[in-house]
1. Expressed as a whole percent, how much of the Cα-Cα distance distribution for segment 56-115 exceeds 19 Å?
2. What nm distance separates the two modelled labels at residue 60 and residue 73, each placed 7 Å from Cα along Cα→Cβ?
3. For a label point 7 Å from the Cα of residue 23 along Cα→C-beta, name the residues of segment 80-115 whose backbone N is under 14 Å from it.
4. Report the extension gain between residue 13 and residue 46 in nm, rounded to one decimal, defined as 0.36 nm multiplied by the number of residues separating them, less their alpha carbon distance.
5. Normalised by the number of residues in segment 1-113, what is the relative contact order in percent for Cα pairs under 8 Å and 6+ residues apart?
6. Quick one: putting +1 on the C-beta of Lys and Arg, -1 on the C-beta of Asp and Glu, what dipole do you get for the chain around its Cα centre, in Debye to the nearest 20?
7. Would you please state the base-10 log of I(q)/I(0) at q = 0.15, 0.16, 0.18, 0.23 1/Å for the chain, with intensities from the Debye formula using one equal scatterer on every alpha carbon?
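Derivation of every value follows stated rules applied to the coordinates shown; laboratory data play no part. This is a predicted model, so every value here is computed, not measured. Note: ideal-geometry Cβ built from the backbone for every residue, glycine included; neighbour counts use all protein chains shown.
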Amino acid sequence: QVQLVESGGGLVQPGGSLRLSCAASRSLFSFNVMGWYRQAPGKQRELVASKPNWGSTHYADSVKGRFTVSRDNAKNTMYLQMDNLKPEDTAVYYCKASQMQDDYWGQGTQVTVSS
């Protein structure tokens with residue numbers, strides 16, 4: 001069973017930065033696609049960024065230029081660097097990994113942007 005564990009969330013002021021981590025229980029190369037999603041209160045879960053194993057990263061328009069996905073394959077960990085955070089970025093952030101028809105989700109980490 002695949003386990004994904006997110007960390008790094010917290011409370012930050014507008015304009016601040018956070019880096020989220022997603023640690024996987026096996027090699028990141030075993031997944032076709034990995035991504036970050038978020039869900040704000042009362043809203044549907046939405047895609048933040050999606051990174052195919054061998055392709056370029058896709059970002060939602062709302063985060064382009066502010067968020068960056070990276071990965072450390074030796075640590076089986078994917079990161080989401082979030083800069084210039086806005087109150088509308090407040091949400092629970094989830095890591096997702098997909099392999100063929102199987103999707104795996106982490107438990108989520110809360111990000112709150114507020115002054």
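1. Summing the P(r) tail past 19 Å for segment 56-115 gives 39 percent.
2. So the label points at residue 60 and residue 73 sit 2.9 nm apart.
3. Under 14 Å, as judged by backbone N against the label point of residue 23, lie 107 of segment 80-115.
4. Value of the extension gain: 9.6 nm.
5. 37 percent
6. Values: 12 positive and 9 negative charges, 22 e Å.
It works out to roughly 100 debye.
7. The Cα Debye sum returns log10 ratios of -0.59, -0.67, -0.85, -1.36.
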